[in-house]
1. So if I check each of VAL298, VAL270, which one is in a loop (DSSP other than H, G, I, E, B) and buried (at least 19 other Cβ atoms within 10 Å of the Cβ)?
2. Would you check which residues across the stretch 77-100 are over 20 Å from GLN189 (Cβ atoms) and either out of contact with any helix residue (DSSP H, G or I) (no Cβ under 8 Å at 6 or more places or on another chain) or at pLDDT below 95 (or both) and list them?
3. So, in the stretch 238-258, how many residues would count as being assigned to a helix (DSSP H, G or I), open to solvent by 90 Å² or more (accessible area, probe 1.4 Å) and among the hydrophobic types (A, V, I, L, M, F, W, C)?
4. Name the single residue, out of those in the stretch 28-47 being part of a helix (DSSP H, G or I) and within 16 Å of the chain's Cα centre (by Cα), that is surrounded by the fewest Cβ atoms within 10 Å (Cβ to Cβ).
5. In contact (Cβ under 8 Å) with a residue 40 or more places away in the chain and among the hydrophobic types (A, V, I, L, M, F, W, C): which single residue out of VAL92, VAL116 fits that description?
6. Could you tell me which residue of the stretch 63-73 is nearest to the chain's Cα centre (by Cα), considering only residues that are open to solvent by 10 Å² or more (accessible area, probe 1.4 Å) and in contact (Cβ under 8 Å) with a residue 24 or more places away in the chain?
7. Condition first: open to solvent by 40 Å² or more (accessible area, probe 1.4 Å) and either over 17 Å from ALA178 (Cα atoms) or not β-branched (Val, Ile, Thr) (or both). Now tell me which residues in the stretch 144-154 satisfy that.
8. Looking at (1) in contact with a helix residue (DSSP H, G or I) (Cβ under 8 Å, 6 or more places away or on another chain); (2) within 13 Å of the ligand (Cβ to nearest atom); (3) among the β-branched types (Val, Ile, Thr); (4) at pLDDT 95 or above, can you tell me which one THR225 breaks?
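The values are calculated or read from the model by the stated rules, or taken from the named source; none is laboratory data. Bear in mind the structure is a predicted one, so any value in this text is a computation, not a measurement. Here the Cβ positions follow ideal geometry from the backbone for every residue, glycine too, while neighbour counts run over all protein chains shown. Note: areas computed on protein heavy atoms with side chains; ligands, DNA, RNA excluded. Shrake-Rupley method; radii C 1.70, N 1.55, O 1.52, S 1.80 Å.
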Amino acid sequence: MKTRITQLLGIEYPIIQGGMAWVAEHNLAAAVSNAGGLGLIGAASAPPEIVREEIRKCRELTDKPFGVNVMLLNPNAEEVAKVVIEEGVKVVTTGAGSPAKFMDAWKEAGVKVIPVVASVAMAKMMERAGADAVVAEGMESGGHIGSITTMALLPQVVDAVSIPVIGAGGIGDSRGFAAAYMLGAEAVQVGTRFVVASESIVHENYKDKLVKSSDIDSEVTGMSTGHPVRSIRNKMTREYLRLEKEGADFMELEQLTLGSLRKAVIDGDVVNGTVMAGQIAGLIKKKESCKEIVEDIVLNGEKLLKNGGRF
Ligand code: TUI
């Protein structure tokens, strides 16, 4: 299946991996790229030199295109933006803010820029600023989210811009792929399903927590701080939501989540850590390779589209 996104990125299948903090490191990114999608290194809050190392390690594992996700709440984002150029990375996605101030430098260096947006206004702004495509991410996603569902957001973004749109949020299988395509997307971004991939370095406790979770097991914390985050319900989310209800101040809430994603992803503490995941987690029942995941989503998705939504 060829779309403007496969052409733009030089990839075989119209699927990109989410730039997930702590999760999206070089092994996962290279595995997704080797499977024919676009793998991404999630720079998250990592120091710029670590991002540089991750890029170099990824390049040792694949000769296919891969990208870097720049998380704009990171105080080091500007330096990370430079590292991306210095290392000759060809694709950048951004999250949790506007990348407008980095756009000119990236475009000049020939980097394809794909901001993740959660509203039509932001999508239009990014198109005007020179974005090559946008990811329209609904609030079904894991991690930092906007306030509109994928079903409502995606067609409105598709109508509002001329650049290609990638659908994200709640897409974890071939049915989600086909549905996103029907809403006008030219590719999908998948996060949660790749968390449990065999090449993912995420702690087994985290993977098990996702495999065991059901449709209603995620919670959104941080509504009151302006940074809503979706993760699987546990002791941490219960405590956070209790404090939020009591009107706790920002610093107290920050204290509870400081280093908490690392705690869950790396140390496997799924009780006190933050187990970020999308609402689709309930759909994920087994651990597979990135190749199996990519081919299941895209090849079966194409079959569905050919057969009017039925296998
Ligand atoms: O960025 C994400 N997902 C993330 S980032 C992240 S790290 C983090 N951890 C704790 C608290 C906050 C962040 C974990 N997951 N997805 C892309 C995304 N971007 N979703 C929503 C947005 C977004 C939100 C506001 C994009 C632009 C935006 O604009 C605001 C503005 O600056 O006008």
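1. Of VAL298, VAL270, the one residue that is in a loop (DSSP other than H, G, I, E, B) and buried (at least 19 other Cβ atoms within 10 Å of the Cβ) is VAL270.
2. GLY88
3. 2
4. Within the stretch 28-47, the match that is surrounded by the fewest Cβ atoms within 10 Å (Cβ to Cβ) is ALA30.
5. Unique residue meeting the criteria: VAL116.
6. So the residue we want is ASN69.
7. Once the filter is applied, which keeps residues that are open to solvent by 40 Å² or more (accessible area, probe 1.4 Å) and either over 17 Å from ALA178 (Cα atoms) or not β-branched (Val, Ile, Thr) (or both), the stretch 144-154 yields HIS144, SER147, ILE148, MET151.
8. (4)
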